[in-house]
Each structure stands twice: as structure tokens, then as C-alpha cells.
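*Asks:* Following this message is one structure expressed as C-alpha cells.
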Amino acid sequence: MADDVLSHAATLSDRTIDFRRRLHRRPEIGLQLPGTQEAILTEIADLGLDVRKGTSTTSVVAVLEGASDGPTVLLRGDMDALPLTENTGLDFASEIDGTMHACGHDTHVAMLAGAARLLTDRRANIAGRVVFMFQPGEEGFHGARYMLDEGLLDATGARPSGAFALHITSTFASGTINTRPGPLLASADTIRLTVQGKGGHASAPHYANDPIPVACEIVIALQTMVTRRIDIFDPAVVTIAHVTAGTTDNVIPPTAELEGTIRTLSAETRSRVHELVRQVAEGIGAAHGMQVELEIVAGYPVTVNDGDFASSVHAIAGELLGADRSSVMKTPIMGAEDWSYVLQEVPGAMAFLGACPPDLDPDTAPGNHSNLVVFDEAALATGVATYAAVALDVLGRA
Ligand code: NI
């Protein structure tokens, strides 16, 4: 079966690459991606799927009904681009200024459409249903959340028994599948903090209440908090990345502002860090007679792969591509994904599809979100085959 799926995907390769390039030329950002939605609807129009458009976003949910009854499996491709100007020199580079498919979501859409075509070709042998989730707004817009709220998991009347997503990356060797059981990606929350002091003349700080040294103390103390109070085996990253205070050399400003990010790999450490950031910031403020206003804006939760599901993805990819092209990652990556919302509801996994161009080194190639990132399109057939093979495995398990 495995060889067969890969060669089947290879026959769709030109079509997949052509669709990907059309998407790449016309990237869109956020939750409303009308052009991308239209392109998807056209690309899958001849497949006879049950297609529904999102109401609050431009999502597309397409359901393939197998020839006989069986379980439901969910496959996802995200659709959105990023606000940066492409500088790759590709002949199908972005035609929209300041917008680029720099995270490869164009390849995800094209591969998911390819998998829909491959599985539709095999409809006669499919027992169950496949839900194709085309999702806008992954890059910080919580697009998956909107789709869940609109009933994504009830698209076939039966909850999916498995869910799978791929993410392409230029920092793994082309044509490899890389995943791991348990946490794959971090939670990502935003810290916004204002130290309320009292302004005055820089020569007479005792008449003012200077928020700058207090803000500095908070920045340092947060790092001490992370190393002294968080279990090193359930780690956290706290980075203050934006500091604003003052206007000139001889004026003490009334306030100082800090912004940063919190990354963790478990729900427990995530809430512990929230609590400790507050304790440290407000405590240091109080020690110097100042109020600290703190807001922690919740971003994506931890992306946790189901252990058994991730192990079968690893095994399936090994069978499909050869054992040397399927890897278990030693560590998670501290980026974040809203696929995490789906994995909170359904046992499933995400895997990284390596797509480093053959003339570059995965360790030094421009990475996802770079204006220079290039993906090896030869890997797209691997992605199509992996989506399809994982779906067939879930359906065959029932
Ligand atoms: Ni991405």
C-alpha cells in the first residue's frame, strides 16, 4: 500500500506544484482570505466533496464520503500568509507588496487539495469519511478556534477519531517527516506591563519616583524566577523583547513599559508562570512604592501530539519513505500553532515536512518567516502521500 500511495502522489505532483505557485503569487493575511478560498473551491470543485464555507471566516470544510461506513478522520492545511516583503527572486514570487507566504501555508493548501484528489480516486475502497480543513488565520488570529466554534468536529455527524496536520519547514532535509509524541510546540502568551512611577527632574530623583530602574529590576528578576522556580524538566521561556521609557537625558518619565512573550510546554507550567510573573512584577513594584499594571494576553496553548498517534505517523512515514526519512524529534520547538486547539479535542498529531532546497544546508538555510525562505517543491508529493497514508491508516484501524 505504502509504495502505491507515494507513486499515486507523484502523479499529482505537477498539479500540486502549479496550484501552490498560484497561491504563492497571491498571498492573503488573517481570517478573511477571499482569493485563497475561491482558489480552493475551484481546485476541488470536480471531486464531488460535500463543501461548506465558513461563516465568520473564509474557511473551507470539505468532506469525502467513503463507499461504506466507518470512522471520520480530519486533515488540516492552513491558508494564511505573513506581512513581509518577499525577496527570494523566484519567478512565482508574491505579486502583493508587503505580503508573503513565508511560512509555507501555500504548500499546505496545495498538499491538502492533492490529498483530497488522491483519496477521492480511492473512494471505492474507503470506509468512513475524511474531513479536509482549510483554515485561515493561523498566524496569531486563532483561525482554528473559529472553525471549532462553527462545528468543525461535527462536519460528518461523528467526531473524528484522529486528526493530522503537516507543517513544511526549510530547516529539515527535503522529503523527511519529523514528529514526536507529547509536546511538539509551545504555548505562546504575551506580557504587557506598565510600571507607574512619578516623573520629575533627572537631577533630583528623590522628588520623583523613577520607574526605569524598577522596570530593569523586573526584567532581571523574571529570568531569576524562571531558573529558580520552574522545573527545568518542564521548562519555560520568558523574554522581555520590548522596553519603552522616557524621552530625553534629563527627565524622569512617569511610566516605563515592558512587552514580552511566555513560552511553555505544559498547561501546568503555563499557569504557574502567569502567576509568578504577576508576583515578581507587582512585588518589585511594591518594594519601590509603585503600582505595576500587568496584562497577560493568552495566545495558543501547547501543541501536544497524542503519543500513539505520533508513533503511528512515524511508522507510516518510515514505511512510505524509508526509515531514514522518518525521524522522532529529540525536542519540541518553542514556536506555537493553533492546531493545538484541535489536538485538545481529538487524538492526533502534527508532523514537520522537511523541504530544504537541495543546494542549501538545513542548518543554515533561511527559515520559515524569513523573506528569503524557499521550499523544495519535490517534497510536496511526500506531503500529499503522508496526509493520505495517515488518513487511510486511521480509517483502516476501526
Ligand atoms: Ni506556519
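Residues are listed down the side, and each one gets a yes or a no for (1) over 21 Å from residue 270 (Cβ atoms); (2) more than 16 Å from the ligand (Cβ to nearest atom):
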position	(1), (2)
343	no, no
348	no, yes
374	yes, no
381	yes, yes
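*Asks:* Return yes or no: is residue 5 surrounded by 17 or more Cβ atoms within 10 Å (Cβ to Cβ), more than 16 Å from the ligand (Cβ to nearest atom), touching a residue at least 40 places away in the same chain (Cβ under 8 Å) and closer than 21 Å to residue 150 by Cα? Don't jump to the end; show me each part of the working.
*Replies:* On the way: surrounded by 17 or more Cβ atoms within 10 Å (Cβ to Cβ): yes; more than 16 Å from the ligand (Cβ to nearest atom): yes; touching a residue at least 40 places away in the same chain (Cβ under 8 Å): yes; closer than 21 Å to residue 150 by Cα: no.
So residue 5 fails the test.
*Asks:* Another question, then. Please pick out the residue among 141, 172, 164 that is more than 30 Å from residue 317 (Cα to Cα), outside the structural domain of residue 241 (by TED's automatic domain parsing), modelled with pLDDT of 95 or more and within 16 Å of the ligand (Cβ to nearest atom). Steps first, answer last, please.
*Replies:* Details: 172 fails: more than 30 Å from residue 317 (Cα to Cα); 164 fails: more than 30 Å from residue 317 (Cα to Cα).
After applying the criteria, what remains is 141.
*Asks:* All but one of (1) in contact (Cβ under 8 Å) with a residue 40 or more places away in the chain; (2) of a type in the set (D, E, K, R); (3) closer than 30 Å to residue 194 by Cα hold for residue 325, so report the exception by its number.
*Replies:* Result: residue 325 passes all but (3).
*Asks:* Another one. If residue 202 satisfies all but one of (1) crowded, with 17+ Cβ neighbours inside 10 Å; (2) more than 27 Å from residue 299 (Cβ to Cβ); (3) not aromatic (Phe, Trp, Tyr), what's the number of the condition it fails?
*Replies:* (1)
*Asks:* If residue 245 passes every condition in (1) over 23 Å from the mean Cα position of the chain (by Cα); (2) within 20 Å of residue 263 (Cα to Cα) but one, which one does it miss?
*Replies:* Unmet for residue 245, out of (1) over 23 Å from the mean Cα position of the chain (by Cα); (2) within 20 Å of residue 263 (Cα to Cα): (2).
*Asks:* OK, next. For residue 299, are the conditions met, namely being touching a residue at least 40 places away in the same chain (Cβ under 8 Å) and within 16 Å of the ligand (Cβ to nearest atom)? Working first, answer last.
*Replies:* Working: touching a residue at least 40 places away in the same chain (Cβ under 8 Å): yes; within 16 Å of the ligand (Cβ to nearest atom): yes.
When the stated conditions are applied, residue 299 passes them.
*Asks:* So which helices (runs of 4 or more DSSP H) are wholly in segment 236-355 and hold at least 2 residues that are surrounded by fewer than 23 Cβ atoms within 10 Å (Cβ to Cβ) and in contact with a Lys or Arg (Cβ under 9 Å, 6 or more places away or on another chain)?
*Replies:* 267-287, 307-321
*Asks:* Here's another thing I want to ask about it. On the given criteria, is residue 228 out of contact with any strand residue (DSSP E or B) (no Cβ under 6 Å at 6 or more places or on another chain), basic (Lys, Arg) and closer than 30 Å to residue 331 by Cα?
*Replies:* Working: out of contact with any strand residue (DSSP E or B) (no Cβ under 6 Å at 6 or more places or on another chain): yes; basic (Lys, Arg): yes; closer than 30 Å to residue 331 by Cα: yes.
Judged against the criteria, residue 228 is a match.
*Asks:* Another question about this same structure. Only residues that are in contact with a Gly (Cβ under 8 Å, 6 or more places away or on another chain), surrounded by fewer than 24 Cβ atoms within 10 Å (Cβ to Cβ) and hydroxyl-bearing (Ser, Thr, Tyr): list them for segment 179-199, please.
*Replies:* Residue satisfying the conditions is 190 alone.
*Asks:* Given (1) at positive phi; (2) in a loop (DSSP other than H, G, I, E, B); (3) surrounded by 17 or more Cβ atoms within 10 Å (Cβ to Cβ), identify the lone condition not met by residue 157.
*Replies:* Status for residue 157: all satisfied but (3).
*Asks:* Next question, about the same structure. Considering (1) within 16 Å of the ligand (Cβ to nearest atom); (2) under 15 Å from residue 375 (Cβ atoms); (3) in contact with a strand residue (DSSP E or B) (Cβ under 9 Å, 6 or more places away or on another chain); (4) of a type outside the set (S, T, N, Q), say which one residue 93 fails and leave the rest.
*Replies:* Evaluating residue 93 over (1) within 16 Å of the ligand (Cβ to nearest atom); (2) under 15 Å from residue 375 (Cβ atoms); (3) in contact with a strand residue (DSSP E or B) (Cβ under 9 Å, 6 or more places away or on another chain); (4) of a type outside the set (S, T, N, Q) leaves (1) as the failure.
*Asks:* Say whether the condition of being in the same structural domain as residue 37 (by TED's automatic domain parsing), among the acidic types (Asp, Glu), touching a Lys or Arg at 6+ places or on another chain (Cβ under 8 Å) and modelled with pLDDT of 95 or more is met by at least one residue in segment 149-156.
*Replies:* Of all residues in segment 149-156, those in the same structural domain as residue 37 (by TED's automatic domain parsing) come to 149-156.
After this cut, where a residue has to be among the acidic types (Asp, Glu) as well, the list is 149-150, 154.
Applying the additional criterion that residues be touching a Lys or Arg at 6+ places or on another chain (Cβ under 8 Å) yields none.
Within segment 149-156, not a single residue is in the same structural domain as residue 37 (by TED's automatic domain parsing), among the acidic types (Asp, Glu), touching a Lys or Arg at 6+ places or on another chain (Cβ under 8 Å) and modelled with pLDDT of 95 or more.
*Asks:* Kindly provide the set of residues from segment 308-318 that are within 19 Å of the chain's Cα centre (by Cα) and farther than 12 Å from residue 178 by Cα, ordered by number. I'd like the intermediate steps shown before the answer.
*Replies:* To start, the set of residues in segment 308-318 that are within 19 Å of the chain's Cα centre (by Cα) comprises 309-310, 313.
Result: 309, single match.
*Asks:* Inside segment 74-121, can you point out the residues that are without any contact (Cβ under 8 Å) to a residue 60 or more places away in the chain, out of contact with any Leu (no Cβ under 8 Å at 6 or more places or on another chain) and not aliphatic (A, V, I, L, M)?
*Replies:* 83, 89, 91, 97, 105
*Asks:* Follow-up. Give just the number: which of (1) over 29 Å from residue 267 (Cβ atoms); (2) among the polar types (S, T, N, Q); (3) within 16 Å of the ligand (Cβ to nearest atom) does residue 364 not satisfy?
*Replies:* (3)
*Asks:* What tally of residues in segment 100-130 results from selecting those that are over 15 Å from residue 78 (Cβ atoms) and within 12 Å of the ligand (Cβ to nearest atom)?
*Replies:* 0
*Asks:* Looking only at segment 40-66, which residues are surrounded by 20 or more Cβ atoms within 10 Å (Cβ to Cβ) and β-branched (Val, Ile, Thr)?
*Replies:* Within segment 40-66, 40, 44, 57, 58, 60, 61 meet the criteria.
*Asks:* Continuing with this model, one more query. Any residue at all in segment 205-222 that's in the same structural domain as residue 260 (by TED's automatic domain parsing) and assigned to a strand (DSSP E or B)? Outline the logic, then answer.
*Replies:* In the first step, residues of segment 205-222 are kept if they are in the same structural domain as residue 260 (by TED's automatic domain parsing); the result is 205-222.
If we keep only those that are assigned to a strand (DSSP E or B) too, we end up with 209.
Yes: one or more hits.
The values are calculated or read from the model by the stated rules, or taken from the named source; none is laboratory data. All values derive from a computational prediction rather than experimental measurement. Backbone-built Cβ (ideal geometry, glycine too); neighbour counts: all protein chains shown.
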